[in-house]
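What follows is one structure encoded as structure tokens, with my remarks underneath.
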Amino acid sequence: MGRLIVVSNRVNIPQPGVAAAGGLAVALQAALRKYHGIWFGWSGEVVETTNSSIHRIEQDGITFATIDLGVEDHDNYYNGFANRTLWPLFHYRTDLTYYDRKFDSTYFRVNALFAHALAPMIEPDDVIWVHDYHLIGCAEELRRMGFTNRMGFFLHIPFPAAEVLLTLPNHEALVRGLFGFDVVGFQTESDLRALQEYVIYEAGGFVDEDMRMTAFGRTIRGGVFPIGIDVDEVVDMAATDEAEAHRNRMLQSMAGRNLIIGVDRLDYTKGLPNRLKAFEHLLEAYPENRGKVSLLQVAPSSRMDVPEYVDIRQELESESGRINGRFAEFDWVPIRYLNKSFTRAALTGLFRASAIGLVTPLRDGMNLVAKEYVAAQAPENPGVLVLSRFAGAAHEMDAALIVNPYDTDDVVDAVQRGLNLAVEERIERWQSLMTTLRDQNVHVWRDNFVAALRDARATALGGPAPRRAPVDETV
């Protein structure tokens, strides 16, 4: 195997003296160091006009290569098609999915621009690994340019059922883009099955027993590669002075009360209004919890350039205030809503101080918060994970209390049960979950995908598809 080239919308460039942003970045950097690789993507900088100038940084055997995006491309490709069209659609929120032809055309054009900027760096034996929904069209453009390298794609978010995907006006172009890769990986079996059903019933293709799919003149391999966390990293983090300080501060403020914690990026897919409603119903249905249980909801803002995210923030602020106004006492506040970020070490301390980890997204690719909550627990007195069945993590973590986030009573009953579980059962469930986390850690995920890509033998059955959108050939 030659070099590994990782392509993602954003590039995580290590900063001196600053810990990596998470286990995923650590795992990818380890693979890139092993194969003397390149990490290529957007710099995060928005300039007047997108151009082909590449910024290169060499660190620890890795080449970090980035390009800037112009204002219009950023608005239409990133804020537009990626986050106002694909993100809600892939999370089954067709009511929030916004269609605009300029979003669509810019998305494929920017994907092509990424491909053209990357092309001069590609050597014949390089293996290319593209990440997530922003860059589904990248491989197809590289194939048009004549590259025959092994290329893989991993989708970190859910892949929608065919009936949902068909609401996208140009759905065929998107799926055709996936067939530019040799290996396409998903978080769960249901995600893979959704693509297979599209291939069979919409694209007129077929699926072999070994998960090879044929359509659009190519045969590719589909696979399930559930992403994990670096378990030992989280365990060690939970024992740091920073974590312990946050844990002790939280326990002191709770004064012997029980804490329920939710940690989510501020997003309508996370089911936060449903969660607040469930907590309110917990206080109604089980009044013995009043004055004795609080919900800490950490929800830092994101994508505030997208109108739907402004709306969800306003809704949460209003609802948390209403519930507190209804139930709060002079010495107890039911909901502590924090629209701010914490370091990962600080969060592990807050996780360890919590009796319940409440992870109830309406739809999620995996949800690593659920896994980090479990890994951060004290072995002798672990908290209980209450987990949505619509998070990818639920497919692995069946020792959690699995709930339907749309069913308020189901969530309430699970939380009440978790608050009253005997320590022996909590330990038994935690040990089972930890075994799963170690067996499916982030390094296993990385190695399994790279091995599948290394062994890929995709067969091109026809010529490249016609050009999807105009490309600036000067790039």
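Just a few scattered comments:
- In this entry, VAL26 passes the filter for residues that are surrounded by fewer than 21 Cβ atoms within 10 Å (Cβ to Cβ), touching a residue at least 40 places away in the same chain (Cβ under 8 Å) and assigned to a helix (DSSP H, G or I).
Table: residues versus (1) in contact with a strand residue (DSSP E or B) (Cβ under 8 Å, 6 or more places away or on another chain); (2) surrounded by 15 or more Cβ atoms within 10 Å (Cβ to Cβ); (3) farther than 26 Å from ASP410 by Cβ.
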| position | (1), (2), (3) |
| --- | --- |
| THR343 | no, no, yes |
| LEU368 | no, yes, no |
| VAL374 | yes, yes, no |
| LEU385 | yes, yes, no |
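- The requirement of being surrounded by 22 or more Cβ atoms within 10 Å (Cβ to Cβ), touching an Asp or Glu at 6+ places or on another chain (Cβ under 8 Å) and within 30 Å of GLN377 (Cα to Cα) is fulfilled somewhere in the range 232-248, by at least one residue.
- Listed by position, the helices (runs of 4 or more DSSP H) enclosed by the range 165-281 that each have at least 1 residues that are under 18 Å from PHE153 (Cα atoms) are 171-178, 189-201.
- Single residue of the range 109-134 satisfying the filter (under 22 Å from the mean Cα position of the chain (by Cα) and either farther than 17 Å from SER52 by Cβ or not assigned by TED's automatic domain parsing to the domain that holds THR66 (or both)) that is surrounded by the fewest Cβ atoms within 10 Å (Cβ to Cβ): ASP132
- Among the candidates GLU172, GLU140, GLU209, GLU189, residue that is at pLDDT below 95 and acidic (Asp, Glu): GLU209
- Tally of residues being surrounded by 15 or more Cβ atoms within 10 Å (Cβ to Cβ), of a type outside the set (Phe, Trp, Tyr) and either over 25 Å from SER388 (Cβ atoms) or touching a strand residue (DSSP E or B) at 6+ places or on another chain (Cβ under 8 Å) (or both) across the range 92-108: 3
- Of residues in the range 222-242 being of a type in the set (A, V, I, L, M, F, W, C) and touching a Lys or Arg at 6+ places or on another chain (Cβ under 7 Å), the one farthest from ASP447 (Cα to Cα): ALA238
- Highlighted here are the strands (runs of 3 or more DSSP E) found entirely within the range 322-435 that include at least 1 residues which are polar (S, T, N, Q) and closer than 27 Å to TYR133 by Cβ: 384-388.
The values are calculated or read from the model by the stated rules, or taken from the named source; none is laboratory data. Values in this document were obtained by computation on a predicted structure and should not be read as measured data. FYI the Cβ positions are ideal-geometry reconstructions off the backbone, even for glycines, and counts take in every protein chain you see.
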